[in-house]
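Everything below concerns the one structure shown next.
The values are calculated or read from the model by the stated rules, or taken from the named source; none is laboratory data. Just so it is clear, the model here is predicted, and its values are computed rather than measured. Cβ sites come from the backbone with ideal geometry, for glycine too, and all protein chains shown count toward neighbours. Side chains are part of the model used for accessible areas, which takes the heavy atoms of the whole protein and leaves out ligands, DNA and RNA. Shrake-Rupley method; radii C 1.70, N 1.55, O 1.52, S 1.80 Å.
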Amino acid sequence: MTSNRYDVIIVGGGPAGLCAAMYAGRGMLSTLLIERGMPGGELLNTELIEDYPGFESILGRELAVKMTDHARKFGASFLTDNVEGVKRLPDGDFEVKTDMGKTFTAPSVIVTAGGTPSKLGVGGEKEYAGKGVSYCAVCDGAFFKGETIAVVGGGDAAVEEAQYLTKYATKVYVIHRRDEFRASAILQQRLFANPKIEVIWNKTVEEVEGGERGVTGLRLKDTVTSQVTTLPVTGVFIFIGFKPNTGVIKEHVKHDESGYVFTDTSMMTSIPGLFAAGDLRHQLTRQITTAVGDATTAAIAVEKYLAEKKETAGVGAS
Ligand code: NAP
């Protein structure tokens with residue numbers, strides 16, 4: 001085996017990737033995990049985690065370190081680099097190329113590349129990104145101490161992160177395009193009980209307004225009356241969902257209308273040997289627990305897939 005050939009290559013180092021690496025390493029597979037940043041993925045964008053069994057409350061970054069150490073303990077190799085593409089070769093193996101010019105091969109790949117925050121696509125959003133427009137409360141919340149800010153969205157992320165942002169901001173408006181949230185009941189209950197939060201229903205953001213010092217307000221449109229108003233805020237946190245990062249898969253893989261990858265019950269995609277786990281997979285919900293569940297199945301399925309492949313090759317050779 002050459003140094004750039006592995007039994008399995010894992011693309012992405014969030015909870016799914018780290019768990020897959022832990023299981024694959026423990027299964028004695030030579031394992032390479034490629035992650036462009038710090039391992040941890042979305043864990044690094046989450047302050048407190050309260051829904052991971054065994055940890056009533058743990059910091060996201062602390063869980064990320066624990067998962068990384070755990071995967072390393074079982075022998076997985078880590079590479080910090082951006083995967084440019086995963087391509088299937090004529091013999092059924094995969095070639096994984098990185099931005100730094102490295103090429104690896106493996107008979108199986110688990111893609112756990114997660115997703116990227118969706119954008120509103122309105123004027124000012126790009127212009128004021130990093131100057132008041134943010135997609136990460138944990139990263140940027142502390143810049144808004146004592147200020148009045150807004151959160152856009154009505155899912156778990158918006159409702160949970162609005163709550164977190166009240167640690168810093170004096171007032172947090174939550175702007176939602178409908179008159180009810182899709183967030184889970186317990187998160188909604190906490191949000192409604194927080195006196196620093198005010199919900200603005202039935203409004204869409206038409207424009208992010210600003211000046212030299214960054215965001216100054218939001219132009220809002222009422223979805224019922226079409227009335228346009230301006231809300232003065234110095235920051236806006238946008239949590240309107242994720243787009244799956246499937247761009248690394250260079251072959252056609254079956255997916256749903258939003259781009260989430262279809263898998264079978266073993267997490268295998270429509271391409272034999274190519275597995276998907278975590279947030280980029282088509283499924284009901286996207287939690288840390290579902291990501292690690294997917295990853296467990298994928299890593300065990302890889303072991304079986306490789307054993308069967310070896311057996312078939314052995315039969316062919318005799
Ligand atoms: P999500 O559940 O897809 O919610 C996106 C929200 O943004 C929805 O309320 C949607 O409105 C709104 N939205 C979408 N496009 C919009 C636009 N252009 N303008 C204004 N609003 C827009 O996404 P998420 O909150 O990021 O959560 C993603 C997944 O992660 C979910 O499965 C969630 O359960 C999970 N998650 C879980 C936790 C937790 O349990 N602690 C925390 C974070 C995320 P509509 O409701 O009108 O469609």
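Within the listed set 147, 308, 127, the residue fluctuating most in the Gaussian network model of the chain (springs between alpha-carbon atoms under 10 angstrom) is 308. Return the single residue from 288, 110, 186 with maximal mean-square fluctuation; model: Gaussian network over the chain, springs between Cα atoms under 10 Å. In this elastic network of the chain, the residue with the biggest mean-square fluctuation among 288, 110, 186 is 186.
Pairs to check: 73/126; 221/250; 145/203; 66/171; 97/131. Give those whose C-alpha atoms are more than 32 Å from each other in this structure. It would help to have the intermediate numbers written out before the result.
Numbers: 73/126 41 Å; 221/250 40 Å; 145/203 25 Å; 66/171 34 Å; 97/131 34 Å.
Violating the 32 Å Cα-Cα cut-off are 73/126; 221/250; 66/171; 97/131.
Surface composition of segment 133-238: carbon and sulfur atoms hold 48% of the protein heavy-atom accessible area at a 1.4 Å probe.
Ignoring aspartates and glutamates fewer than eight residues from residue 87 along the same chain, the ones with Cα atoms less than 18 angstrom from its Cα are 7, 35, 95, 99, 251.
With the Cα gyration tensor of the chain in hand, give its eigenvalues times 5 under a square root as the equivalent ellipsoid semi-axes, listed largest first in whole angstrom.
Numbers: eigenvalues 338, 75, 61 Å².
Semi-axes, largest first: 41, 19, 18 Å.
Only aspartates and glutamates eight or more places from residue 167 in sequence, or on another chain, were considered; those with a Cα closer than 13 Å are 47, 140, 147.
Segment 183-246 and segment 21-92 have their alpha-carbon centroids 32 Å apart. Amide H to amide H distances under 5 Å link residue 118 with 240, 241, 242, 243, where only residues 5 or more positions off or on other chains count and H is placed in the peptide plane.
Taking a sphere under 15 Å around the Cβ of residue 127 and counting the other residues whose Cβ falls inside, with K and R at +1 and D and E at -1, yields a net charge of 0. Tell me, for the chain, which Cys residues have no other cysteine's C-beta sitting closer than 4.7 Å. Lacking a cysteine Cβ partner under 4.7 Å: 19. Within the chain, the whole DSSP H helices whose Cα atoms reach 24 Å or more along their own axis and whose mean Kyte-Doolittle score is at least -0.5 are 288-317.
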